Structure formats: C-alpha cells, structure tokens
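Written out below as structure tokens is the structure these notes cover.
The values are calculated or read from the model by the stated rules, or taken from the named source; none is laboratory data. Keep in mind that this is a model prediction, so the values were computed, not measured. A quick note on method: Cβ atoms are made from the backbone with ideal geometry, for glycine too, and the neighbour counts reach across all protein chains shown. These accessible areas exclude ligands, DNA and RNA; they are computed on the full protein's heavy atoms, side chains included. Shrake-Rupley method; radii C 1.70, N 1.55, O 1.52, S 1.80 Å.
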Amino acid sequence: MDLTLLYRGPLASCDYDCPYCPFAKRRDSTEQLRADRACLERFTRWAAAQTGDRLSVLFTPWGESLVRSWYRRSLVELSLLPHVRRVAVQTNLSCRTDWLRDADTDRLALWCTYHPGQTPYDRFLGKCRELSGAGVRFSVGMVGLPGHLEQARRLRSDLPAEVYLWINAAEGHRYEDAEAGEWTALDPLFPYSRHPHRSAGLPCRTGETVISVDGEGTVRRCHFVREELGNLYDGSYRRALRPRPCPLAVCDCHIGYVHLETLPLYDVFAGGVLERIPALPPVRSAALPPAGPAGGA
C-alpha cells in the first residue's frame, strides 16, 4: 500500500513569535518535550517496521521541530529506509544544517518559511545557500502580508532560480486584484492560495491514501476533520481507508487542498507534493483557478 502520513505530535514550542501565526504559542515544559520525543520515537519505530508498504511522511508541527535533536534524528533515520519514498518537514530553518550530511537527500526535503522580523535576512538566505550546496531539495515561502512584499521580491531575486518561492495568502486578508497580481508575479501559483476552495462533497485523497496522525497514534483523514478513523498502532485505521468526499464547506490550507482530486496540484507538484516543490517552474496557466471566492474547485 502507498500511504502518505501527515504527522503532528504534541510539540507546540517555537523559537519565533510571529504575530500572524495561527498556531498556539507557548513554551513546552521538560515533561512535555519528553512526551513529544517518546511519541515521535514510537512513530518512527512503527514506520521502520512497515516494510510491506510504501510510505511518505510530512511533519507539520505546531512549533519548530528541527531545533529538537529527536526530529533531526527521525528525519535522517526515515530517509535511509528503503520503503520510505519521501520524508519532509515544515521548518523556519533556524536550526543548523550539518546534520543533513547523514541523510539520504534524494528522499529528505524541507519546506522552509521565511518570517521577516524574526530572523536576520542574511542569516536565512545563508541557510538556503547551505541547503543548495549540500544538494538538499527545498522550497521557501512567506506569508503574503503587504509589509512583506519588498522582502519577498528581494528573496526571489537572491534565491537560486530553481528554488520555488511560494506565497501563502494571509489569513483574514482580502486581496484586491492589483495586490494579488503583485504576489502572483512572484509565485504564479498564488491564486490557489488566494481564496478558500469549495470542498463539500468533493473527492479528496485524504482518508484513502493520505492520513493525519497525532502523537497518540490517532488517525484522522486530515488535520482539519476531527472524525477519528482508528489508531495507527493497533492497525484499526486500515479498515477505514476508502475513497470519501470532503465533509467541510471549504478548504483553505495548502496541506489540505493539495489533496483535492478536483484540483490539478498532484500534477503541478508531481514528485514534490510533500515539500511543495513543483515538477516544473510554475508559469501563468489557464489551469490556474479563477479569481473569484472559493475558486479552483
């Protein structure tokens, strides 16, 4: 079986404090960090034992995981397993990069976000150059707030041409066409993020070939649907895997709507769905969703 797992353990601490971040902000206690480490190590052992399956894993932590040694170690270990097709993680790239030398960089990839005001620009760009020099596949992105536009233009100019710069629409921000055009000039795929996608009743790969897993092993179809499908560790989730329509009215997060079968994003990101790397440099296309609300579905 080919299965994609979106893992989000209890880790919620972050070394940044972005005012626009929708995730909870708190410092994990020593006990909470130990619990998170135990959850992750259990998940990694489970993944290592699934030699009859083909796995892809994306870590989507509430906080920043790569400043924690157990996440770096898990990523390396998973990348070396022959039945793991891809392992990726969302990160602010504040960690060091030398640990990647131990990983299989044909399978490990990073989904990096630059947060202006949280880290010096030159430091972040230097980390990106380290990744490029080490042959690590990665994408870079920003939140499309008006105050970030010039920084985004600078970043696009300074990044290697082959590195995809994605732009996430800021939550609650309304983009007029002229402003949206400025962001689309940097990220031709921005129209997919500009508006939520209608999803109610539409086919989605989540719950069939894509699942969400928390630290206790509880399996859901995705991070945004609370209905439980079973547990990873007792195998009960397998009985629940099947095609199913989305029960929500809209889907407005890339890690959700990328799996909608009514959007062409599996073709756009072929080979790089987890790390958000397009198969080809994105260009303006008639396949992009219309500019109206809830476009693309």
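Against the definition (modelled with pLDDT of 95 or more, closer than 26 Å to Leu33 by Cβ and surrounded by 21 or more Cβ atoms within 10 Å (Cβ to Cβ)), how does Ser79 come out, yes or no?
Values: modelled with pLDDT of 95 or more: yes; closer than 26 Å to Leu33 by Cβ: yes; surrounded by 21 or more Cβ atoms within 10 Å (Cβ to Cβ): yes.
Against the criterion (modelled with pLDDT of 95 or more, closer than 26 Å to Leu33 by Cβ and surrounded by 21 or more Cβ atoms within 10 Å (Cβ to Cβ)), Ser79 qualifies.
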Single residue of Trp62, Trp111 found to be crowded, with 16+ Cβ neighbours inside 10 Å, of a type outside the set (Lys, Arg) and out of contact with any Asp or Glu (no Cβ under 6 Å at 6 or more places or on another chain): Trp62
Unmet requirement for Cys246, which otherwise passes all of (1) surrounded by 22 or more Cβ atoms within 10 Å (Cβ to Cβ); (2) more than 19 Å from the chain's Cα centre (by Cα); (3) under 21 Å from Arg85 (Cα atoms): (3)
Residue check, Trp70 part of a loop (DSSP other than H, G, I, E, B) and either open to solvent by 30 Å² or more (accessible area, probe 1.4 Å) or touching a helix residue (DSSP H, G or I) at 6+ places or on another chain (Cβ under 8 Å) (or both): no
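Rundown of residues vs (1) closer than 20 Å to Leu131 by Cβ; (2) in contact (Cβ under 8 Å) with a residue 40 or more places away in the chain; (3) in contact with a helix residue (DSSP H, G or I) (Cβ under 6 Å, 6 or more places away or on another chain), yes/no style:
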{"position": "Arg37", "(1), (2), (3)": "no, no, yes"}
{"position": "Ser74", "(1), (2), (3)": "yes, no, yes"}
{"position": "Asp98", "(1), (2), (3)": "yes, no, no"}
{"position": "Trp111", "(1), (2), (3)": "yes, yes, no"}
Close pairs from segment 176-187: first of a type in the set (S, T, N, Q), partner in a helix (DSSP H, G or I) and surrounded by 13 or more Cβ atoms within 10 Å (Cβ to Cβ), Cβ under 9 Å, at least 6 apart: Thr184/Phe190; Thr184/Pro191; Thr184/Arg194
Residue tally, condition at pLDDT below 95 and of a type in the set (A, V, I, L, M, F, W, C), over segment 37-66: 1
Unmet requirement for Gly256, which otherwise passes all of (1) small (Gly, Ala, Ser); (2) assigned to a strand (DSSP E or B); (3) within 28 Å of Pro146 (Cα to Cα): (2)
Subset of segment 249-265 that is in contact (Cβ under 8 Å) with a residue 60 or more places away in the chain and farther than 14 Å from Arg198 by Cβ - its residue that is surrounded by the fewest Cβ atoms within 10 Å (Cβ to Cβ): His254
All positions within segment 216-237 that are open to solvent by 20 Å² or more (accessible area, probe 1.4 Å) and touching a residue at least 60 places away in the same chain (Cβ under 8 Å): Glu216, His223, Tyr233
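Out of all the residues in segment 118-128, which are open to solvent by 30 Å² or more (accessible area, probe 1.4 Å) and either part of a strand (DSSP E or B) or touching a residue at least 12 places away in the same chain (Cβ under 8 Å) (or both)?
Gln118
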